[in-house]
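Some notes on the structure that comes next.
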Amino acid sequence: MVDAARHPNIELLTYTEVKRVEGFIGNFKVLVEQKPRYVIADRCTGCGDCAPVCPIEVPNEFEEGIAPRKAIYIPHSQAVPLVYTIDLDNCIECYKCVDACGKLDAIDFSQQPRQQWLDVGSIVVATGFDSFDPTPLLEYGYGRYENVITTLELERINNSAGPTAGRIMRPSDGKMPQSVAFVQCVGSRDERYNIYCSGFCCMYTIKNALQWKQTYPDAEITIFYMDIRTPSKGYEEFYRRAREAGIRFIQGRPSRITQDEATGNLFIQAEDQSLGQVIEMETELVVLSTAAVPRADADDMGSILNISRSPSGFFMEYHPKLRPVDSPTDGVFLAGAAQGPKDIPASVAQGAGAAARAARILSSDTWDIEPIVAHVWEDRCVMAQGKKCGICATKCPYNSIVTTEGQAARVTPAKCHGCGACVAECPHNAITQMHFTDAQIFAQLHALLAREPEKKIVAFMCNWCSYGGADTAGTSHFEYPPQSRGIRVMCSARMDQDFVYEAYRLGAGMVLVSGCHPQDCHYITGQQVGAERFARLADRLEKMGISPQRFRVEWISAAEGAKYAQVMREMHETLQGLDPEALREENERVRPDLERRLRRIPEIPDVAEALETVVCV
Amino acid sequence: MAVINKFDPAFKDEVMAEPGGENLMRCYSCGTCMAACLIRRQEPDYNPRRVMHMAILGLREAVLSSPLIWMCSACDECYPHCPQDIHISELFKAFRNIAVREGHTPPEPAAHVNERTCVACGLCVEVCPYDAVELVEKRVLGHNRMVAQVDAARCMRCGVCAASCRSASIDVPDFGDQRLLERIQQELAELGEVLA
């Protein structure tokens, strides 16, 4: 941190909050608010003469509330910058600190919050995590029993720079405990609180236990665990070292902790699964390994930065495997536990990765963006005509569309990733997608269904998954009927219901819409937008009189070539089972309804011209 | 309910200090030994993993007085499978050595030497896979002479000594020649009845 503060190219803004972020990759504008310290940073030397004279004592947040701090304070002795801050919520304005500061005259009660706009090219989000508060887990008695503490509290007690100067003592009587029990997975892997595994708790517990054992070899140390998870390099060896050092590992999640009023000792009840028996253990101290949870303000931060959050609440990466450092918003990167629970080596690696990704943008004069982006025909957007709409903005997974009353929807091309959800969802056909315009897709449909349409299976495929699946079927030589006709779009979100109507209007035998499995979508929520649409569409088609077996929705990954071929074979079989005459009659029957629904299609720019020039193959 | 504090936390150190017991704390209770164990097929109560875990917890008396620690036949079917490289039969030998020192005896008698007929040829010493037999000088029928002597803590009751003894002077009780012959005849008779 000191190095960062001294670096000529790094400006450190501490005690500063991000209020707003506007713009896009390479051109962000960030509004920050520097909070008043009531101490002039340039004058404060960090000598510390002010704190001893301050009469106010409040719990020290950095010490997990174990030790007090004054109303004029530094968070901890290695704080950067080493500048005191007055906590005005607790300060009684006795001005004793002003006298103590003397000639330096660094204290200034008139300071106000200061806002400023910064121009930045890229943003790295490294806001960290919070520790789960185990109070709601009544069975463990945290908050009721003094000698039940959290790991972070132990870290402070165990720290040589901490309030006890590294002497381990338990809260109730200040004695050095001879026995300690660690309880794993408190608040994690728990459907009631957080379903995920926090990942690094096993290792920090083993670290604390081993450190304790090495300092006090006679201490009785027990770890209650469900599974010990030590997956990284050298971690399993560390776990073995802890076992060999005589630390007792008991597989079983304690069901209850009770306290002996007289001694303050605790009784833990658990099933020892290896022993196959319920056991009870008396111990002098219990340490709860609490889950890592998203920061309390992650929701606000997410909306300020325009980045979404995973179901667990941590910030979501662009792709879990291939782009784990990028956020879905170009130019915004994630580092450390803000993206998910992470230990130190992983956080350092991700931080270095994020810095390198950010530097690429800073060192470039220009930046290539996706050519496949949405475009609004302003004259067609009803918002411009003063009507209420804004559907496109609600469907965009990247928040790249801004809608303002009385103005046409505005797409920021640098933020658009080209899923096409807005295009398909726009009820007024006022948005198009570059390279996948309605005109192009209607023209493809007309060409593919020019001859014997009732024998054809039209398959709409997403670029990343089902098209890849069809490709795999081909390269793997999985046979499927030649009657299939594929149309590729970028995402199932782009598959407009009008495309399906048009396919049936032209007499197609079968229609398949296919895309990624829900968790695999390359456009965050694109697949969901598509899936909801197709669920409604299936009902509507049936009500219109189209046999339900003629419409199918399948999620096929790029690896599932066999599944793609199988779906095609099944659909072909179904089609062959239908009476051709009845099929033609059904098409004739629904045609007026379809034509009514499609009556506005020729008004879409370029569609009419494109259909005139369709060359049938 | 077992109360862990009544256990002896120093027991694991005692076992680890005993030859063969060094790797006790490596056990992470995966159960591979249990799945491989041949004894368990005959003795459902026997579970080497559980015995080791009892020792780690410090269930001193329960381990030392348990008939389970005497059941291991040292076939070493488990040893090559153990992912923590614990030589379990050696570990059980360590349990037995401590148990014998504490005055515990194996539930089943070890091989027994008829000192009157033993000629101290040493064949049993040679064949014993567990180094449980040695030749010692003893006063037998008023004379000092060499005879075989069995270390009960090491004897696994396999009977190799009895089968190889030229003078029929060493025997495993309950598995003596006479007892085995009777059992064979009984089995044959039952088989005869079934066939008839």
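Annotations for the structure displayed:
- Note that chain B shows a convex hull volume over its alpha carbon atoms of 162 Å³ per residue.
- Three-way shape label, region A:243-393, alpha-carbon gyration tensor, a/c 1.5: prolate
- Under-5 Å amide H pairs with residue A:159, H placed in peptide plane, nonlocal only: A:166
- When the C-alpha to C-alpha distance is required to be over 18 Å, the pairs from A:321/A:342; A:233/B:12; A:388/A:415 that qualify are A:233/B:12; A:388/A:415.
- Angle of helix B:177-195 to the longest C-alpha principal axis of chain B, folded into 0 to 90 degrees and rounded to 10: 90°.
- Semi-axes of the equivalent ellipsoid for region A:369-435, Cα gyration tensor, largest first, Å: 18, 11, 10
- Degrees, to the nearest 10: A:344-362 long Cα axis against longest axis of chain A: 50
- Look at the stretch A:237-246: the mean tally of other chain Cβ atoms within 10 Å of its residues' Cβ atoms is 3.
- Region A:130-293 shape via C-alpha gyration tensor axes, a/c threshold 1.5: rounded
- Prolate/oblate/rounded call for region B:112-195, Cα gyration tensor, a/c under 1.5 rounded: prolate
- Folded to 0 to 90 degrees: helix B:88-101 orientation relative to chain B principal axis, Cα: 80
- Straight-distance crosslink candidates among aspartates and glutamates, where the alpha carbon sits under 19 Å from residue A:96 and sequence neighbours closer than 8 are dropped: A:49, A:57, A:87, A:105, A:108
- Too-long pairs where the Cα-Cα distance tops 24 Å, listed order kept, from A:395/A:543; A:70/A:103; A:29/A:387: A:395/A:543; A:29/A:387
- Taking the C-alpha atoms of the protein assembly as shown, convex hull volume expressed per residue in Å³: 286
- Highest-first packing order for the peptide set A:381-387, B:18-24, B:175-181 is B:18-24, A:381-387, B:175-181, based on the mean count of other beta carbon atoms within 10 Å.
- Overall dimensions of region A:33-152 as given by Cα atoms, namely Rg and Dmax in Å: 18.2, 56
- The C-alpha atoms of region A:436-612 occupy a region whose extents along the principal axes are 40, 37, 30 Å, arranged from largest to smallest.
- Chain A: calculated mean residue ellipticity at 222 nm from DSSP helix runs of at least 4, using -39500 (n - 2.57): -8500 deg cm²/dmol
- Net length available on complete extension from residue A:76 to residue A:207 is 44.9 nm, with 0.36 nm assigned per residue and the Cα-Cα distance removed.
- Beta bridges assigned by DSSP with both partners in region A:130-293 are antiparallel in approximately 40 percent of cases.
- Taking the fewest neighbouring Cβ atoms within 10 Å as the starting point, the ordered list for B:70, A:117 is A:117, B:70.
- Loop-located GluC sites (Glu not before Pro) across region B:35-119 with a Cβ neighbour count of 13 or fewer within 10 Å are B:102, with loop assigned by DSSP.
- By the Cβ-Cβ criterion of under 4.7 Å, the unpaired cysteines of chain B are B:27, B:30, B:37, B:72, B:75, B:82, B:118, B:121, B:128, B:155, B:158, B:165.
- Most mobile listed residue (B:172, B:119, B:133) in chain B, GNM with C-alpha springs under 10 Å: B:119
- Averaged over the residues of B:6-15, the number of partner chain Cβ atoms lying within 10 Å of the residue Cβ comes to 2.
- Per-residue average of Cβ from other chains inside 10 Å of A:265-274: 3
Every read-out reported here was derived from the displayed coordinates using simple, explicitly stated rules and does not represent laboratory data. No experiment lies behind these values; they were computed from the predicted model shown. Note that we place each Cβ from the backbone using ideal geometry, even for glycine, and neighbour counts take in every protein chain shown.
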